[in-house]
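Here the structure is laid out as structure tokens; the discussion comes afterwards.
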Amino acid sequence: MDELPPGVSAAMITAISRNAEAVDRGTRSLAADVAALRETGLLASPLEAGNARPLFDALVALGGASMPLARLYEGHVDAVSLVARLGTSAQIDRVAADVRAGVLHGVWGAGGATPARAVAAGSCWRLSGEKRFCSGLGLVGRAVVTAQLDDATTQLFLIDADDPERHDHGDWDVVAMTGSASGRMDLSGMTLAASAALGARNAFMAEPEFHGGLWRIAAMQSGALQRLVRLHHDLVVQAPSNPLRLHRHGCIAVEAGTALLWSRHAMEAVMPPDAAAGDQRTALLAREAVEQSVTRALALMERDFGTRPHRRCSEAGRIMRDLRFHLRQADPDGKLAYAVQLGGDPVL
């Protein structure tokens, strides 16, 4: 197994992996797995200085065990990081206290049919509209959400997200990442104190953090691919004299290693305190490199797995479905084009 962050055991990762099939079928929620993250201190890990490598290792491990859980943890890390970077001292203290108490956080930025808007109402803010693709509905206690203001700028808000009357799980009708408890959050009529506004207007898009954070996505996807390599190896040892299968496994291992190295390279480029806006280019290219490696590896695996991944109980099939879906988020062509537009040395 890959290196694990402090406090995380191989037994815990194995237990999460064993639970993943029931989570995918909808007969079990991720609540117990989130509780395991809380008990091991992983929810509080983003509060620690110099924590990039432990977070990377956690995302790789969780990606291999459960992509839906890794998605929730990545959102939690993103939310806590946003508050640490943009928040007032009071907001930072509140979130730190909540995290230490075990509250899961998230970032919900996708707009719905009715875009989220915020209007100043005296000393308060009044929200309207909705957010879609809200991972962790019912599990996330606090969320950072984006809303448009009257001047077309975007403002972040830190909201309580645990009101079930505002949750619509039926909006998530997909065949992958089914255990992520995703859905729609209705913001209509929500009134917030002035102190709920997080950071300046359009601060959400600031670089290198906005695109630089793609290293976290790449890490969890790399972890999922690492797990698939092991599952493919189990198949290879059943027919060790098959030269084509051996060759494909070698190629698959190269792709998995490439994805892991790119995601780690992106983390190391973006996370130092002195990282410049231009360092986001590495994370953007890493996102593309991981997608290409995963896509090539999956195509090779399918030659050997045959119909096995199409069985409802197939671990490989579940991970492959989740990976393919997750790779499509969001606007990969646009991200690659932006990386090229940023310029810089064409050889990293």
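At-a-glance table
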read-out	value
Any pair with Cβ under 6 angstrom, 6 or more apart, that starts in segment 238-266 at a residue that is closer than 16 Å to residue 219 by Cβ and of a type in the set (Asp, Glu) and ends at one that is open to solvent by 60 Å² or more (accessible area, probe 1.4 Å) and not in a loop (DSSP other than H, G, I, E, B)	255/296
Single residue of segment 197-229 satisfying the filter (of a type in the set (Gly, Ala, Ser) and in a helix (DSSP H, G or I)) that is surrounded by the fewest Cβ atoms within 10 Å (Cβ to Cβ)	203
Residue in segment 260-270 that is closer than 30 Å to residue 238 by Cα, open to solvent by less than 50 Å² (accessible area, probe 1.4 Å), at pLDDT 95 or above and assigned to a helix (DSSP H, G or I) present	yes
Tabulated pairs, segment 308-329, first farther than 10 Å from residue 176 by Cβ, second part of a loop (DSSP other than H, G, I, E, B) and open to solvent by 100 Å² or more (accessible area, probe 1.4 Å), C-beta under 7 angstrom, 6+ apart or interchain	317/311
Single residue of segment 1-36 satisfying the filter (touching a Ser or Thr at 6+ places or on another chain (Cβ under 6 Å) and hydrophobic (A, V, I, L, M, F, W, C)) that is farthest from residue 72 (Cα to Cα)	8
Filter result (aliphatic (A, V, I, L, M) and buried (at least 16 other Cβ atoms within 10 Å of the Cβ)) within segment 111-121	116, 118
Any hit, segment 29-51, residues being among the acidic types (Asp, Glu), under 28 Å from residue 172 (Cα atoms) and touching a residue at least 24 places away in the same chain (Cβ under 8 Å)	yes
Selection within segment 139-195 - exposed (fewer than 13 other Cβ atoms within 10 Å of the Cβ), in contact with a Ser or Thr (Cβ under 9 Å, 6 or more places away or on another chain) and among the hydrophobic types (A, V, I, L, M, F, W, C)	174, 193, 194
Residue 284 vs. criteria touching a Lys or Arg at 6+ places or on another chain (Cβ under 6 Å) and either within 28 Å of residue 175 (Cα to Cα) or in a helix (DSSP H, G or I) (or both)	yes
Exclusive hit being within 21 Å of residue 158 (Cβ to Cβ) and either surrounded by 23 or more Cβ atoms within 10 Å (Cβ to Cβ) or out of contact with any strand residue (DSSP E or B) (no Cβ under 6 Å at 6 or more places or on another chain) (or both), set 34, 80, 23	80
Tally, over segment 299-348, of residues that are of a type in the set (A, V, I, L, M, F, W, C), surrounded by 15 or more Cβ atoms within 10 Å (Cβ to Cβ) and part of a loop (DSSP other than H, G, I, E, B)	1
Test for residue 29: is it under 22 Å from residue 176 (Cβ atoms), out of contact with any strand residue (DSSP E or B) (no Cβ under 9 Å at 6 or more places or on another chain) and open to solvent by 50 Å² or more (accessible area, probe 1.4 Å)	yes
Scan of segment 122-138 for residues that are in contact with a strand residue (DSSP E or B) (Cβ under 7 Å, 6 or more places away or on another chain) and open to solvent by 20 Å² or more (accessible area, probe 1.4 Å), ordered by number	124, 125, 126, 128, 130, 132, 138
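Residues are listed down the side, and each one gets a yes or a no for (1) at pLDDT below 95; (2) among the basic types (Lys, Arg):
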{"position": "296", "(1), (2)": "no, yes"}
{"position": "300", "(1), (2)": "no, no"}
{"position": "317", "(1), (2)": "no, no"}
{"position": "320", "(1), (2)": "no, no"}
{"position": "328", "(1), (2)": "yes, yes"}
{"position": "339", "(1), (2)": "yes, no"}
{"position": "348", "(1), (2)": "yes, no"}
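The values are calculated or read from the model by the stated rules, or taken from the named source; none is laboratory data. Bear in mind the structure is a predicted one, so any value in this text is a computation, not a measurement. A quick note on method: Cβ atoms are made from the backbone with ideal geometry, for glycine too, and the neighbour counts reach across all protein chains shown. Keep in mind that these areas ignore ligands, DNA and RNA; they rest on the heavy atoms of the full protein, side chains included. Shrake-Rupley method; radii C 1.70, N 1.55, O 1.52, S 1.80 Å.
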